[in-house]
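Before any comments, here is the structure.
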2 protein chains.
Amino acid sequence: MKTEKIGGQTIRFARPASIVCGAATCGKMEGEGPLADSFDLIDKDTSFGEKNWERAESAMLRAAVDIAMQKAGIGFSGLDYIFGGDLLNQCIGSAFAVKDSAVPYFGLYGACSTMAEAMTLGAMVVDGGYAKTVCALTSSHFCSSERQFRTPLPYGCPRTPTAQRTATAAGAVILSGEGNGPFITCVTSGRILDAGIKDASNMGAAMAPAALDTLCTHFVETGRAPDYYDLVVTGDLGCVGSDILVELAMKKGFDLRERHRDCGMMIFDRKKQNVCAGGSGCGCGASVLAGYILSQMEKGEINRVLFAATGAIMSTTSAMQGESILGICHALSLENGR
Amino acid sequence: MKTEKIGGQTIRFARPASIVCGAATCGKMEGEGPLADSFDLIDKDTSFGEKNWERAESAMLRAAVDIAMQKAGIGFSGLDYIFGGDLLNQCIGSAFAVKDSAVPYFGLYGACSTMAEAMTLGAMVVDGGYAKTVCALTSSHFCSSERQFRTPLPYGCPRTPTAQRTATAAGAVILSGEGNGPFITCVTSGRILDAGIKDASNMGAAMAPAALDTLCTHFVETGRAPDYYDLVVTGDLGCVGSDILVELAMKKGFDLRERHRDCGMMIFDRKKQNVCAGGSGCGCGASVLAGYILSQMEKGEINRVLFAATGAIMSTTSAMQGESILGICHALSLENGR
C-alpha cells in the first residue's frame, strides 16, 4: 500500500507511526476526577514546585515528557523532532518545558487542537522517513490561562453555565516508525471555520461546527461510518458543544450518539466538581489521550479510536475587538493493528 | 536519490519542493526602504484600510496570499495545506487572514523563524507526497506588535540602540511538487537555545547563538562551506546579532563575512530610517525572501541561498518574570536547479 491522499483532507499512511507510549500529568482537581487512575503524575498543589503558574505549566509538561521518554527507554537524544505548543502567549509553556532538550523543535499553535496537530505532523514525518522517533506534546494550566484570558484568580469571578474550565494537565506521546501500535493509520486535517460565535464563555459552540466539518469529512473521505470506531472522541467541546455536534451530525446523516465521548466531559465529574460545561485546554484532550485512551487501547478494551481535538482560535484582543472565535479540528485514526 | 536524514538535524530531499512564486506586502516605511521595488504591494498609511492594527496585519497578509495565488494561477482550492503563524497572541494575525480559505490549516509558532518553519514543513509534505501544493505564510505589523509587546504607540517611548523595529510586512510563498524552482533542496531544523539573554530590547543577542548553532550544524552535516552559497541570509538579527554571529562563526571556523546578509538590515536603511539595530518580526524575513531574494534568484543574480530565519521565543509575561529569551533558527537551502 502507498501513502495516499483520499479526498481533500485525509491521508492514509503506508508506514503508520506507532504510538510507542504516552504520559499524562495533571493538577489536584483533575487528579480527583473520574480519570484519576490514568494519570502518571498528579501534583497535589498544582504548582509543581514552581514559583509561578507559567513555570508550573512548563514543569508539568516536562514531567510528562520525561515519563514518556522513560517508558520508551530513551532520552532526548533518541528523538529526531519535538512538535509542541500550548495556549500561553507566544507558546512559552511548551518552549520552556523542553528548552534544554537540544532536539529540533517545531512550535505549533492550534489552540486546544494542538495535540492532534502535533501528532498529525509527527505521523507525517515518521511515515515520510524524515524521522525515526518524535515527541508530540502540549499542556494547559487553569491558573496561567485564567490570568491570561480572563481575570486574576483572586477576583473569584463567577462563570456562566456554558463556560468550560481549563484543565491543568499535560500530555506527551512518543511516535516511532517501529513499534507495535496503536498506529496512526490516517489523519483528516481541519480547516478554520468561522461560525460567527463571539461569546468567549461559549467555546463549545464556537468549536462544534469545526468538529462537525472535520468528522463528516473524515467519514465521507474514508467511507467509514461512526461505528467503525469504538470511540469517536472530541478534544474539549464540553456538554454544550457536544450536544451541538451530535445534533448537527445527525442532520448530516451520521449518528454519533453511541460512539461519541468528549475529553472535556471525561476529565471532570460535572456533577461533583463545579466545572460548568466541562473541561477544556490543550492539556485536556492531550492528557485524556496519553493517559486514559492509550491505556484502554493497550488493554484491548477499545481498538479503534477517532481522536478529534478541537481548537478555538481567539485572543483577548480579538475578543475585545468583537471578532468571531474561529474553530479548527484535526482528527486522527488510532488503531490497534494496521 | 532517496530523501535522507544527514546527521541529526538536516534532511536532503529527493523530490525537492519548487517555490512556484512568492509575494510580499508591506507598510509605508518598509516601502520607502532599500527594497521598495521588490514589494508587490505597499500600503501608504499602513492600515490596509482596516479599523485596527490587528485587522490591518491580517489584511496585509491576506493581500500577500492573494497575490501569490494569482501569480501561481490558482485559488485556495488549489492548495492542499496552509502553514502559517505570526507574533500576535494566539497567532490571530495569520488565522484571521485565511479564515475563509477552507484549506486544511497548520498553525505554527516559531516567532520570527516562522517562515522558515512553515517552508520546512511545507517542503516535507510536498516531498513526502502528502500534498501537491501548499502555501507558507507569515506577517508582522509594527503597530500591533508595539502595543502587544511594548507600550502603546501614543506614548512615544524612546528605544535603546540594540532594539529592532518590527517590520510591517508579510510574505507568502507557494510550494509545489511541480515547477522549475528555486528548489528547497535541504533543510536544517533548529533546536531551542537559551543563551541567558534577558534584555527584551536586545533580541539580536538572544537569537545569534541559535543562528550560529543551526548554521554550523548545516555546514558540518552537509559538508558545505559558507561559500557554497551566494548568500547566507539570516532572518532578523539586526546589526548587533549579526556582528555576534559573524564573530562566533569565525571562531568555529566558518567565515561568513563575504556571504552573510541579514533581512533586518536589508529591509531598512539604518542611517536614514531611525530603526536602531534594524528590522525584525516574522514579516521581515518572510517579505525579504518572498520579494527581494526570490526575484534575485529568478533573474539568476544569485543561485544558491541559505535562508536561516531566527526566532526569539518570549512573552511579556516570561520577560517580566525574569526568564531568558529563547532563540531558535531553521535553515533552508534554496537552489536554482536540484
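Scanning the range B:268-304 for residues that are under 18 Å from residue B:32 (Cα atoms), assigned to a loop (DSSP other than H, G, I, E, B) and open to solvent by 40 Å² or more (accessible area, probe 1.4 Å) turns up B:269, B:274. The set of residues in the range A:178-194 being acidic (Asp, Glu) and more than 9 Å from chain B (Cβ to nearest Cβ) consists of A:178 alone. Selection over the range A:79-94 of residues that are in contact with a Ser or Thr (Cβ under 7 Å, 6 or more places away or on another chain), in a helix (DSSP H, G or I) and not β-branched (Val, Ile, Thr) gives a count of 4.
Here residue B:162 passes the criteria (1) closer than 24 Å to residue A:316 by Cα; (2) in contact (Cβ under 8 Å) with a residue 24 or more places away in the chain except the one numbered (1). The residues on offer are A:102, A:116, A:111, and the sole one that is within 8 Å of chain B (Cβ to nearest Cβ), touching a helix residue (DSSP H, G or I) at 6+ places or on another chain (Cβ under 8 Å) and under 24 Å from residue A:267 (Cβ atoms) is A:111. If the condition is being under 21 Å from residue B:66 (Cβ atoms) and either out of contact with any Asp or Glu (no Cβ under 7 Å at 6 or more places or on another chain) or in a helix (DSSP H, G or I) (or both), then the range B:108-130 contributes B:114, B:115, B:118, B:119, B:122. If you go through the range B:1-47, how many residues are more than 14 Å from chain A (Cβ to nearest Cβ) and open to solvent by 30 Å² or more (accessible area, probe 1.4 Å)? Total meeting the criteria: 12. Within the range A:227-241, the residues that satisfy the criterion of being assigned to a strand (DSSP E or B) and surrounded by 22 or more Cβ atoms within 10 Å (Cβ to Cβ) are A:232, A:233, A:234. Selection within the range B:54-78: residues that are within 20 Å of residue B:114 (Cα to Cα) and facing chain A (nearest Cβ under 10 Å). The member of this set that is surrounded by the fewest Cβ atoms within 10 Å (Cβ to Cβ) is B:55.
Scanning the range B:143-175 for residues that are within 21 Å of residue B:28 (Cβ to Cβ) and buried (at least 24 other Cβ atoms within 10 Å of the Cβ) yields B:144, B:145, B:164, B:165, B:166, B:167, B:168, B:169, B:170, B:171, B:172.
Could you count how many residues in the range B:313-331 are facing chain A (nearest Cβ under 9 Å) and small (Gly, Ala, Ser)? Talk me through it step by step, then tell me what you get.
Filtering the range B:313-331 down to residues facing chain A (nearest Cβ under 9 Å) leaves B:313-318, B:321, B:323-324, B:326, B:328, B:330.
Narrowing the set further to residues that are small (Gly, Ala, Ser) leaves B:315, B:318, B:324.
So the answer is 3.
Scanning the range B:305-326 for residues that are open to solvent by less than 10 Å² (accessible area, probe 1.4 Å) and over 13 Å from residue A:90 (Cβ atoms) turns up B:305, B:306, B:307, B:308, B:309, B:310.
Is it true that some residue in the range B:213-226 is part of a loop (DSSP other than H, G, I, E, B), of a type in the set (Gly, Ala, Ser) and modelled with pLDDT of 95 or more? Yes, some residue in the range B:213-226 is part of a loop (DSSP other than H, G, I, E, B), of a type in the set (Gly, Ala, Ser) and modelled with pLDDT of 95 or more. Please indicate, with yes or no, whether at least one residue in the range B:69-78 is more than 28 Å from residue B:275 (Cβ to Cβ), aromatic (Phe, Trp, Tyr) and not in a loop (DSSP other than H, G, I, E, B). Yes, the conditions are met somewhere in the range B:69-78. The set of residues in the range A:22-51 being among the aliphatic types (A, V, I, L, M), in contact with a Lys or Arg (Cβ under 8 Å, 6 or more places away or on another chain) and either closer than 12 Å to residue A:288 by Cβ or free of Cβ contacts under 8 Å to residues at least 24 places away in the same chain (or both) consists of A:42 alone.
The values are calculated or read from the model by the stated rules, or taken from the named source; none is laboratory data. None of these values were measured; they are calculated from a predicted model. Positions of Cβ are backbone-derived with ideal geometry, glycine not excepted, and every protein chain shown enters the neighbour counts. In case anyone asks, the SASA skips ligands and DNA or RNA and just uses the protein heavy atoms, side chains included. Shrake-Rupley method; radii C 1.70, N 1.55, O 1.52, S 1.80 Å.
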